[in-house]
């Protein structure tokens, strides 16, 4: 297990005192939409949640990924409406917590979680704003390999459950442009691609591409 997943596992084990309701979502199910009343703070127990926003042109952009143990839906602390959409990228279990019942200790736990996510968010912004699309796609694939979207096949290789559309939304690009990059990486023997999945055959070279080498 990599350090990101280790950190997530530790966060999941941190108890909170506020009562919560366990909710279950299927893959691709929406938790809330932009404009919905923000009545609960959420914590991911299992699975992967994606937070997205829509541009004025109608394109969907991934804002952040919420890992197991992470809290999200912090607009509820401001008695505001949701500014993004939350979607389950895998089957997921999520705790819903009434912000009015959160004590000081719980608030510190949530603040620490949001601080860790802020660091990941800054790394993600760097990922979007530097390098060409080939680099950004390689970075995003390596990033997804550290999330619940990744499994290992019988040969021990990492398999990322991702469509070209998902990668485009995570790299501020288009599906057509991403498809060209995926074809290039496949022809170079770095990945294999199938239905909604990408096998990472050469993670060392993908890391080098991601770093701009």
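So, in segment 86-116, how many residues would count as being buried (at least 20 other Cβ atoms within 10 Å of the Cβ) and within 27 Å of residue 27 (Cβ to Cβ)? Count: 9.
Yes or no, residue by residue, for (1) without any contact (Cβ under 8 Å) to a residue 40 or more places away in the chain; (2) touching a helix residue (DSSP H, G or I) at 6+ places or on another chain (Cβ under 9 Å):
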residue	(1), (2)
54	yes, no
64	no, yes
77	yes, yes
90	no, no
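Given the criteria assigned to a strand (DSSP E or B) and farther than 28 Å from residue 69 by Cβ, does residue 193 qualify? So residue 193 passes the test. The single condition from (1) surrounded by 15 or more Cβ atoms within 10 Å (Cβ to Cβ); (2) touching a helix residue (DSSP H, G or I) at 6+ places or on another chain (Cβ under 7 Å); (3) touching a residue at least 40 places away in the same chain (Cβ under 8 Å) that residue 185 fails is (2).
May I ask you to say which residue of 89, 149 is in the same structural domain as residue 207 (by TED's automatic domain parsing), touching a strand residue (DSSP E or B) at 6+ places or on another chain (Cβ under 7 Å) and closer than 30 Å to residue 194 by Cβ?
Values: 89 fails: in the same structural domain as residue 207 (by TED's automatic domain parsing).
149 is the lone residue from the list that is in the same structural domain as residue 207 (by TED's automatic domain parsing), touching a strand residue (DSSP E or B) at 6+ places or on another chain (Cβ under 7 Å) and closer than 30 Å to residue 194 by Cβ.
Against the test of being closer than 29 Å to residue 53 by Cβ and modelled with pLDDT of 95 or more, the options 190, 200 yield a single qualifying residue, 200. The one condition from (1) touching a helix residue (DSSP H, G or I) at 6+ places or on another chain (Cβ under 6 Å); (2) touching a residue at least 60 places away in the same chain (Cβ under 8 Å) that residue 174 does not meet is (2).
Quick grid of which residues meet (1) more than 26 Å from residue 46 (Cβ to Cβ); (2) part of a helix (DSSP H, G or I); (3) in the same structural domain as residue 76 (by TED's automatic domain parsing):
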residue: 115; (1), (2), (3): no, yes, yes
residue: 119; (1), (2), (3): no, yes, yes
residue: 138; (1), (2), (3): yes, yes, no
residue: 143; (1), (2), (3): no, yes, no
residue: 206; (1), (2), (3): yes, yes, no
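I want to confirm something. Restricting to segment 131-142 and keeping residues that are in contact (Cβ under 8 Å) with a residue 60 or more places away in the chain and surrounded by fewer than 21 Cβ atoms within 10 Å (Cβ to Cβ), which single residue is nearest to residue 28 (Cα to Cα)? Here the residue is 142. Mind telling me which of the residues 50, 157, 81, 120 ends up being in contact with a helix residue (DSSP H, G or I) (Cβ under 8 Å, 6 or more places away or on another chain) and touching a residue at least 24 places away in the same chain (Cβ under 8 Å)? Among 50, 157, 81, 120, only 81 is in contact with a helix residue (DSSP H, G or I) (Cβ under 8 Å, 6 or more places away or on another chain) and touching a residue at least 24 places away in the same chain (Cβ under 8 Å).
The values are calculated or read from the model by the stated rules, or taken from the named source; none is laboratory data. Being a predicted model, the structure only gives us computed values, none of them experimental. All Cβ positions, even for glycine, are placed from backbone atoms using ideal geometry, and neighbour counts span all protein chains on display.
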